[in-house]
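S.K.: Dropping a structure here in C-alpha cells format, bear with me for questions.
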Amino acid sequence: MRALAVLAFLLAFLPGLAGAVQPDEVLADPALESRAREISKGLRCLVCQNESIDESNATLARDLRLLVRERLVGGDSNAEVLDFVVQRYGDFVLLSPPVRPSTWLLWYGPFGLLLAGAIAAVFYLRAQRRPAAVAEPELTGEERRRIEALLADEDRNS
Amino acid sequence: MTRRLVYLLPLVLFLGVVAYFAVGLTRDPQKLPSTMIDRPAPEFALPPLLDSVPGLATADLKGQVALVNVFASWCAPCRVEHPILTGLARDGVTIFGINQKDKPEPAKRFLANLGNPYTRVGVDADGRASIDWGVYGVPETYVIDREGHVRYRHVGALTARDVSEKIRPMLRELSR
C-alpha cells in the first residue's frame, strides 16, 4: 500500500505524463489520441514559446490541441495536421526546425565544423611526424679550428 | 601554403556559424512574421456582434485599404490601444474588428463604453477564424490592401509611434 502511494507520488512528477490535456479533450480512440499527443508535443505554444501545446495551459494551446484532434478525427495524416498548423503559424510553431536549404547550416554546420577540425588535425599531425628535412649545417674549417683550440685550452687548465 | 589554409578552415567555418547564430539569436522571438504577408486573407465568415454594425467575411476585405483588428473585452492591451484605433477611424481609416473568444455582453459593453471604431465587427467565439489568421496574441492588427491581401501584421497593442511610423505610411502607400 505504502509502495503504491510512493509510486503514485513519483509518477505525478514524471514530465511525460504531466501534459496539460484536459479530460474533455481526450479522444475516445486511444490510437488517435496517442497520435494527437505525439503531434502536440512537437508543436510550440506561441503564447509561452518554450512549451509545447501538449504542456501548456494557455487558451491558444488548448484550442490548437482541439484542432489537432479534430483534424485527426477528420482523417488527416500526422504530416497533414502539421502542415495545416505551419501554414497558419509558420515554421516557428514546430519545436524541431525543418531541414531545408535555409536551415542546412543549423543542422549540418556543427558537423562540418567538426570535419574541418579533423582534417586540419590530420594535416597538422602528419607534418609533426615527418622527420626534420633540413640537415644540420656542417661546421666550417674556421669553426673547427676554434673548437679544437678551446678544447686544448681546457685540457691544459685541468 | 595550402597547409596554412587548411589550418584556417575551421576558424573560418566557426566564424561563419557564429555569424549565422548571432543574427538568429538577436531576432526578437516574440515578433513572429506572419505567414500570410502578401497572400490573400484566409476564408472566414463571422456573424455580427452589434445590431447596427454588420459582421465580417473574407469578401468584405476587398475593395478598400483597411485594418483588421483582433480584440476582446478581456484583453487589457486592447483597452490601451483603443483610443489609437478610434483616432484612426476619425481620420477616415476603415477598421474591421474580429472579436475573439469573448462573451457578447462584455464585448458590447466594451464598445459602448470606449466607442466603436469598427466599420464591421465579426464574432469569433471559438477562435477558429483567428487560428486561420495565425493570431497568437490579442490584440493583433493587420493591414489589408484593396485586393484583400494581407500586407502587414502588428502583434500587441498599437502605440502612437507604431501608427505614425508604420501603419499610416503603409496605408498612404497602399491607397495611392
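S.K.: Which of (1) within 10 Å of another protein chain (Cβ to nearest Cβ); (2) more than 21 Å from B:Leu32 (Cβ to Cβ); (3) of a type in the set (Phe, Trp, Tyr) does A:Phe92 not meet, given it meets every other one?
M.R.: Of everything listed in (1) within 10 Å of another protein chain (Cβ to nearest Cβ); (2) more than 21 Å from B:Leu32 (Cβ to Cβ); (3) of a type in the set (Phe, Trp, Tyr), A:Phe92 misses just condition (2).
S.K.: Pairs under 9 Å by beta carbon, first residue modelled with pLDDT of 90 or more in segment A:50-66, partner among the aromatic types (Phe, Trp, Tyr) and outside any strand (DSSP E or B), six or more apart or different chains?
M.R.: Short answer, once both residue conditions are applied: A:Leu60/B:Tyr136; A:Leu64/A:Tyr89.
S.K.: Something else now. Scan B:Val80, B:Val68, B:Val17 and give me the residue that is more than 14 Å from every other protein chain (Cβ to nearest Cβ), of a type in the set (A, V, I, L, M) and surrounded by 15 or more Cβ atoms within 10 Å (Cβ to Cβ).
M.R.: When all the criteria are applied, what remains is B:Val68.
S.K.: What number of residues within segment A:123-144 satisfy the criterion of being facing chain B (nearest Cβ under 9 Å), of a type in the set (A, V, I, L, M, F, W, C) and surrounded by 11 or more Cβ atoms within 10 Å (Cβ to Cβ)?
M.R.: Number of matching residues: 1.
S.K.: So, one more: With respect to A:Arg71, determine if the residue is surrounded by 15 or more Cβ atoms within 10 Å (Cβ to Cβ), in contact (Cβ under 8 Å) with a residue 24 or more places away in the chain, in contact with a helix residue (DSSP H, G or I) (Cβ under 6 Å, 6 or more places away or on another chain) and within 13 Å of another protein chain (Cβ to nearest Cβ).
M.R.: Here the answer is no, as A:Arg71 does not meet what is asked.
Conditions (1) polar (S, T, N, Q); (2) at pLDDT below 95; (3) over 18 Å from B:Thr141 (Cβ atoms), marked per residue:
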residue: B:Gln30; (1), (2), (3): yes, yes, no
residue: B:Thr35; (1), (2), (3): yes, yes, no
residue: B:Pro48; (1), (2), (3): no, no, yes
residue: B:Leu61; (1), (2), (3): no, no, no
residue: B:Ser73; (1), (2), (3): yes, no, no
residue: B:Asn116; (1), (2), (3): yes, no, no
residue: B:Arg120; (1), (2), (3): no, no, no
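S.K.: Find the residue count for segment B:20-49, including only residues that are surrounded by 14 or more Cβ atoms within 10 Å (Cβ to Cβ), more than 8 Å from chain A (Cβ to nearest Cβ) and small (Gly, Ala, Ser).
M.R.: Qualifying residue count, segment B:20-49: 1.
S.K.: Consider A:Arg2 carefully, then state whether it is among the basic types (Lys, Arg) and either assigned by TED's automatic domain parsing to the domain that holds A:Arg69 or at pLDDT 95 or above (or both).
M.R.: So A:Arg2 fails the test.
S.K.: With respect to A:Gly117, determine if the residue is more than 7 Å from every other protein chain (Cβ to nearest Cβ) and not β-branched (Val, Ile, Thr).
M.R.: Against the criterion (more than 7 Å from every other protein chain (Cβ to nearest Cβ) and not β-branched (Val, Ile, Thr)), A:Gly117 does not qualify.
S.K.: Can you tell me which residue in segment B:118-130 is farthest from the other protein chains (Cβ to nearest Cβ), limited to those that are under 21 Å from B:Val155 (Cβ atoms) and crowded, with 22+ Cβ neighbours inside 10 Å?
M.R.: This residue is B:Tyr118.
The values are calculated or read from the model by the stated rules, or taken from the named source; none is laboratory data. Keep in mind it's a predicted model, so treat the numbers as computed, not measured. Neighbour counts are summed over all protein chains in view; Cβ atoms, including those assigned to glycine, are modelled from backbone coordinates with ideal geometry.
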